[in-house]
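Remarks on the structure that follows.
The values are calculated or read from the model by the stated rules, or taken from the named source; none is laboratory data. As the structure is a computational prediction, the values presented were derived from the model and not from experiment. Quick reminder, even Gly has a Cβ in these numbers, built from the backbone with ideal geometry, and neighbours come from all protein chains shown. The protein model used for the area step is the full one, side chains on, heavy atoms only, and it has no ligands, DNA or RNA in it. Shrake-Rupley method; radii C 1.70, N 1.55, O 1.52, S 1.80 Å.
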Amino acid sequence: MNEAEIRERLDRTNELLQRVLAEVSKTPSTHAIFVDAGYVYAAAGLLVTGTEDRRSFDLDAEGLIEAFIDKARTIFADSRLLRVYWYDGARRRIHTVEQQSIAELPDVKVRLGNLNANNQQKGVDSLIRTDLESLARHRAISDAALVGGDEDLVSAVEAAQGYGARVHLWGIEAGEGRNQAEPLLWEVDSQRTFDLDFCRPYVTRRPVTTYEDDTPAPSREDVRFVGAQIAAAWLAARGRESLADLLPGHPYLPGSVDQDLLVEAERLLQHSLRGHAHLRRALRDGFWQHLQAQY
């Protein structure tokens, strides 16, 4: 091969490289948001209402997700959103009504781990790692905003960074100390904390109705009957499709459904059931008995 041929090949190679670089420069960066819902509920609930108990407050997940998207749009100005991943727990990984509504939001993917007998999430961290690593490996994202605080997420961050993605840790202000593990803070590329003013619009304490306890407690039969009444109204409002989703979780009810059942029963009975475990069991029995009879 003579010098002219070598020069010609080099020129063709350089031209090809220039074309590739030009295409790469026109390809927009892409980011995704990974939200550990358990962390968000606990941290935001504690910050705004003073409790981590989900049954004590409502979280406007749609509004909060939109706020996260807007914040990412500002931070990653030249990047497009791939989607928001919302990681939560559910018994037998069956979506609750609330989780179904979140899954129906545009650009949102709900991923479920399990809930154990103590309502603790299991398997969520591994889901986050799998998604983060896979998207980074396939160059589907250049930046990841991770909303969480568990030290177990360190391996997920390392995996994504190993494929060239940048990971930005987002957290919620803690009243005292920290609610994010230090090893996680050390590992990420940047950190951002959302304060009380940011979170307050999306967290609302549920009203607590008190009843006089000087009246006799209702009988188990009365409470069971009320449970059946509420089940009939629940079924009429949500339809048989929701019933089919609920039945596999028997005898457990999703936390939001169980809380709504208790509040409505107390309203109808005009008596608190908070200190009567046997009556609450009767209430759930009546609720389930009616639903199973309709299936």
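Conditions tested, residue by residue: (1) modelled with pLDDT of 95 or more; (2) over 20 Å from Gln259 (Cα atoms).
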residue: Leu64; (1), (2): yes, yes
residue: Ile94; (1), (2): no, no
residue: Val108; (1), (2): yes, yes
residue: Leu112; (1), (2): no, yes
residue: Gln121; (1), (2): no, no
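Being open to solvent by less than 20 Å² (accessible area, probe 1.4 Å), hydroxyl-bearing (Ser, Thr, Tyr) and either farther than 22 Å from Tyr41 by Cβ or in the same structural domain as Ala43 (by the TED database) (or both) is the requirement here; does Tyr163 meet it?
no
Residue check: is Leu243 open to solvent by less than 40 Å² (accessible area, probe 1.4 Å) and farther than 18 Å from Phe57 by Cα?
Yes; evaluated as a whole, the condition is true for this residue.
Scanning segment 70-97 for residues that are over 15 Å from Leu127 (Cβ atoms) and assigned to a strand (DSSP E or B), which turns out most open to solvent (accessible area, probe 1.4 Å)?
Residue satisfying both the conditions and the ranking: Arg80.
Looking at Glu266 and the list (1) touching a residue at least 24 places away in the same chain (Cβ under 8 Å); (2) open to solvent by 70 Å² or more (accessible area, probe 1.4 Å); (3) not basic (Lys, Arg), which single condition is not satisfied?
(2)
Any chance segment 57-76 includes a residue that's polar (S, T, N, Q) and either within 23 Å of Asp152 (Cβ to Cβ) or touching a residue at least 24 places away in the same chain (Cβ under 8 Å) (or both)?
Looking through segment 57-76, none of the residues is polar (S, T, N, Q) and either within 23 Å of Asp152 (Cβ to Cβ) or touching a residue at least 24 places away in the same chain (Cβ under 8 Å) (or both).
Taking segment 240-295 as the region of interest, how many residues are within 22 Å of the chain's Cα centre (by Cα), within 16 Å of Arg55 (Cβ to Cβ) and outside any loop (DSSP other than H, G, I, E, B)?
The initial filter retains those residues of segment 240-295 that are within 22 Å of the chain's Cα centre (by Cα), namely 242, 245-246, 248-249, 252-260.
From what's left, within 16 Å of Arg55 (Cβ to Cβ): 252-260.
From what is left, the residues that are outside any loop (DSSP other than H, G, I, E, B) are 255-260.
Count: 6.
With (1) open to solvent by 60 Å² or more (accessible area, probe 1.4 Å); (2) within 17 Å of Glu173 (Cα to Cα); (3) in contact with a Leu (Cβ under 7 Å, 6 or more places away or on another chain) as the list, and Glu62 as the residue in question, which single condition is left unmet?
(2)
For the subset of segment 207-236 comprising residues that are within 27 Å of the chain's Cα centre (by Cα) and modelled with pLDDT under 80, which member is surrounded by the fewest Cβ atoms within 10 Å (Cβ to Cβ)?
Pro207
Can you tell me which residue among Leu105, Leu169, Leu146 is farther than 14 Å from Tyr87 by Cβ, under 20 Å from the mean Cα position of the chain (by Cα) and open to solvent by less than 10 Å² (accessible area, probe 1.4 Å)?
Leu169
Just to check your reading of the model, which residue among Leu135, Leu235 is touching a strand residue (DSSP E or B) at 6+ places or on another chain (Cβ under 9 Å) and either on the phi < 0 side of the Ramachandran plot or outside any loop (DSSP other than H, G, I, E, B) (or both)?
Step by step, each of Leu135, Leu235 is checked, and only Leu135 is touching a strand residue (DSSP E or B) at 6+ places or on another chain (Cβ under 9 Å) and either on the phi < 0 side of the Ramachandran plot or outside any loop (DSSP other than H, G, I, E, B) (or both).
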